[in-house]
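Engineer: After the C-alpha coordinates below, expect a handful of questions from me.
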Amino acid sequence: MGQKVHPYGFRLGITKPWKSRWYARKNYPDLIQEDRKIRQIIRKQLAAAGIADIEVERKSNNVEVTIFTAKPGMVVGRGGKNIEELRQKLFTELQRKVQMNVQEVKSIETNAQLIAESAAIQLEKRVAFRRVMKQTMMRAMNSGALGIKMMVAGRLGGAEIA
(Lines give C-alpha, C1' and ligand atoms only; values in the text may rest on other atoms or scores of the structure.)
Protein backbone atom coordinates (compact mmCIF):
# COMPACT_ATOMS: atom_id res chain seq x y z
CA MET A 1 0.00 0.00 0.00
CA GLY A 2 1.13 3.53 -0.72
CA GLN A 3 2.12 5.99 1.96
CA LYS A 4 0.53 9.39 2.47
CA VAL A 5 2.96 12.26 1.88
CA HIS A 6 2.17 15.76 3.11
CA PRO A 7 1.69 17.93 0.00
CA TYR A 8 3.69 20.89 1.34
CA GLY A 9 6.61 18.69 2.37
CA PHE A 10 6.50 16.98 -1.01
CA ARG A 11 6.86 20.32 -2.86
CA LEU A 12 9.29 21.91 -0.38
CA GLY A 13 12.38 23.27 -2.07
CA ILE A 14 11.03 22.53 -5.55
CA THR A 15 8.00 24.76 -6.05
CA LYS A 16 7.42 26.00 -2.49
CA PRO A 17 9.92 27.93 -0.34
CA TRP A 18 10.89 27.08 3.24
CA LYS A 19 8.99 29.00 5.94
CA SER A 20 12.19 29.42 7.96
CA ARG A 21 15.48 30.31 6.30
CA TRP A 22 18.58 30.04 8.46
CA TYR A 23 21.49 27.80 9.31
CA ALA A 24 22.76 26.74 12.75
CA ARG A 25 24.97 24.08 14.26
CA LYS A 26 24.89 23.80 18.05
CA ASN A 27 21.80 25.85 18.90
CA TYR A 28 19.51 24.33 16.25
CA PRO A 29 16.80 23.12 18.70
CA ASP A 30 16.76 26.50 20.45
CA LEU A 31 16.23 28.32 17.17
CA ILE A 32 13.41 25.97 16.17
CA GLN A 33 11.69 26.67 19.51
CA GLU A 34 12.26 30.39 18.97
CA ASP A 35 10.65 30.20 15.50
CA ARG A 36 7.68 28.35 16.97
CA LYS A 37 7.31 30.95 19.72
CA ILE A 38 7.48 33.80 17.17
CA ARG A 39 4.72 32.20 15.12
CA GLN A 40 2.54 31.53 18.19
CA ILE A 41 2.84 35.10 19.47
CA ILE A 42 2.06 36.61 16.06
CA ARG A 43 -0.94 34.32 15.42
CA LYS A 44 -2.32 34.98 18.91
CA GLN A 45 -1.87 38.76 18.75
CA LEU A 46 -3.13 39.14 15.17
CA ALA A 47 -5.87 36.49 15.09
CA ALA A 48 -8.42 38.77 13.39
CA ALA A 49 -6.00 40.07 10.74
CA GLY A 50 -6.19 37.02 8.46
CA ILE A 51 -2.59 35.81 8.68
CA ALA A 52 -1.84 33.60 5.67
CA ASP A 53 1.81 32.84 6.35
CA ILE A 54 4.76 33.81 8.56
CA GLU A 55 8.33 33.52 7.27
CA VAL A 56 11.37 33.76 9.55
CA GLU A 57 14.80 34.57 8.16
CA ARG A 58 18.00 34.80 10.19
CA LYS A 59 21.26 36.38 9.07
CA SER A 60 24.06 36.42 11.66
CA ASN A 61 22.32 37.99 14.69
CA ASN A 62 19.35 39.58 12.87
CA VAL A 63 15.88 38.04 12.89
CA GLU A 64 13.60 39.15 10.06
CA VAL A 65 9.93 38.15 10.17
CA THR A 66 7.67 38.58 7.14
CA ILE A 67 3.93 38.43 7.78
CA PHE A 68 1.68 37.69 4.80
CA THR A 69 -1.80 38.96 5.61
CA ALA A 70 -5.15 39.76 4.05
CA LYS A 71 -5.50 42.94 6.13
CA PRO A 72 -2.14 44.76 6.35
CA GLY A 73 -3.77 47.86 7.86
CA MET A 74 -4.95 45.82 10.83
CA VAL A 75 -1.46 44.37 11.34
CA VAL A 76 0.35 47.71 11.13
CA GLY A 77 -2.29 49.70 13.02
CA ARG A 78 -2.76 53.43 13.13
CA GLY A 79 0.64 55.05 12.81
CA GLY A 80 2.38 51.66 13.14
CA LYS A 81 1.11 51.21 16.71
CA ASN A 82 0.13 47.53 16.48
CA ILE A 83 3.33 46.38 14.80
CA GLU A 84 5.41 48.31 17.34
CA GLU A 85 3.55 46.59 20.22
CA LEU A 86 4.16 43.24 18.55
CA ARG A 87 7.86 44.05 18.09
CA GLN A 88 8.13 44.97 21.80
CA LYS A 89 6.36 41.76 22.87
CA LEU A 90 8.70 39.66 20.71
CA PHE A 91 11.70 41.52 22.15
CA THR A 92 10.61 40.79 25.74
CA GLU A 93 10.01 37.10 24.95
CA LEU A 94 13.14 36.44 22.87
CA GLN A 95 15.60 39.05 24.19
CA ARG A 96 16.43 39.79 20.56
CA LYS A 97 15.59 42.60 18.15
CA VAL A 98 13.15 41.47 15.48
CA GLN A 99 12.68 43.25 12.16
CA MET A 100 9.08 43.02 10.90
CA ASN A 101 7.85 43.17 7.30
CA VAL A 102 4.19 43.06 6.31
CA GLN A 103 3.07 41.92 2.86
CA GLU A 104 -0.48 41.89 1.55
CA VAL A 105 -1.90 38.70 0.08
CA LYS A 106 -3.31 39.66 -3.31
CA SER A 107 -5.66 36.74 -3.95
CA ILE A 108 -7.50 36.13 -0.70
CA GLU A 109 -10.00 33.68 -2.24
CA THR A 110 -7.26 31.37 -3.53
CA ASN A 111 -5.16 31.18 -0.35
CA ALA A 112 -5.87 27.88 1.43
CA GLN A 113 -5.12 29.18 4.94
CA LEU A 114 -7.42 32.19 4.57
CA ILE A 115 -10.20 30.08 3.04
CA ALA A 116 -10.01 27.60 5.94
CA GLU A 117 -10.04 30.36 8.59
CA SER A 118 -13.01 32.05 6.91
CA ALA A 119 -14.99 28.80 6.79
CA ALA A 120 -14.13 28.04 10.44
CA ILE A 121 -15.30 31.47 11.59
CA GLN A 122 -18.60 31.04 9.73
CA LEU A 123 -19.11 27.57 11.23
CA GLU A 124 -18.44 28.97 14.71
CA LYS A 125 -21.19 31.54 14.04
CA ARG A 126 -23.52 28.59 13.36
CA VAL A 127 -24.06 29.25 9.65
CA ALA A 128 -25.38 26.14 7.85
CA PHE A 129 -22.32 24.05 7.00
CA ARG A 130 -23.51 23.03 3.51
CA ARG A 131 -24.01 26.69 2.60
CA VAL A 132 -20.56 27.58 3.98
CA MET A 133 -18.91 24.83 1.94
CA LYS A 134 -20.72 25.66 -1.31
CA GLN A 135 -20.16 29.43 -1.03
CA THR A 136 -16.49 29.01 -0.14
CA MET A 137 -15.89 26.65 -3.04
CA MET A 138 -17.74 28.91 -5.49
CA ARG A 139 -15.76 31.99 -4.38
CA ALA A 140 -12.48 30.12 -4.83
CA MET A 141 -13.41 28.78 -8.27
CA ASN A 142 -14.73 32.17 -9.45
CA SER A 143 -11.52 33.90 -8.38
CA GLY A 144 -9.36 31.67 -10.55
CA ALA A 145 -8.57 28.52 -8.55
CA LEU A 146 -8.15 25.44 -10.75
CA GLY A 147 -9.76 23.23 -8.12
CA ILE A 148 -10.57 23.06 -4.43
CA LYS A 149 -10.98 20.23 -1.95
CA MET A 150 -12.45 20.92 1.50
CA MET A 151 -12.99 18.60 4.42
CA VAL A 152 -14.96 19.40 7.56
CA ALA A 153 -15.33 17.13 10.57
CA GLY A 154 -17.13 17.11 13.88
CA ARG A 155 -20.71 17.48 15.03
CA LEU A 156 -21.86 19.73 12.20
CA GLY A 157 -25.25 21.29 12.78
CA GLY A 158 -25.33 19.77 16.28
CA ALA A 159 -25.98 16.25 14.92
CA GLU A 160 -25.49 13.38 17.38
CA ILE A 161 -24.73 10.76 14.72
CA ALA A 162 -23.52 11.25 11.14
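The values are calculated or read from the model by the stated rules, or taken from the named source; none is laboratory data. Because the structure is a prediction, the values reported are computed rather than measured. Ideal geometry is used to build each Cβ from the backbone, glycine not excepted, and the neighbour counts take in all protein chains shown.
Yes or no, residue by residue, for (1) in the same structural domain as ASP35 (by the TED database); (2) at pLDDT 90 or above:
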site	(1), (2)
GLY80	yes, no
GLN88	yes, yes
ARG96	yes, no
GLN99	yes, yes
GLU117	no, yes
VAL127	no, yes
MET133	no, yes
SER143	no, yes
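Engineer: Something else: Just for the stretch 60-86: of the residues that are free of Cβ contacts under 8 Å to residues at least 12 places away in the same chain and among the basic types (Lys, Arg), which one is nearest to TYR28 (Cα to Cα)?
Structural biologist: Selected residue: LYS81.
Engineer: So how many residues does the stretch 13-59 have that are polar (S, T, N, Q), over 20 Å from VAL105 (Cα atoms) and assigned to a loop (DSSP other than H, G, I, E, B)?
Structural biologist: So the count comes out to 1.
Engineer: Oh, and also: May I ask you to list the residues in the stretch 1-27 that are surrounded by 11 or more Cβ atoms within 10 Å (Cβ to Cβ) and of a type in the set (Ser, Thr, Tyr)?
Structural biologist: Correct list: SER20 only.
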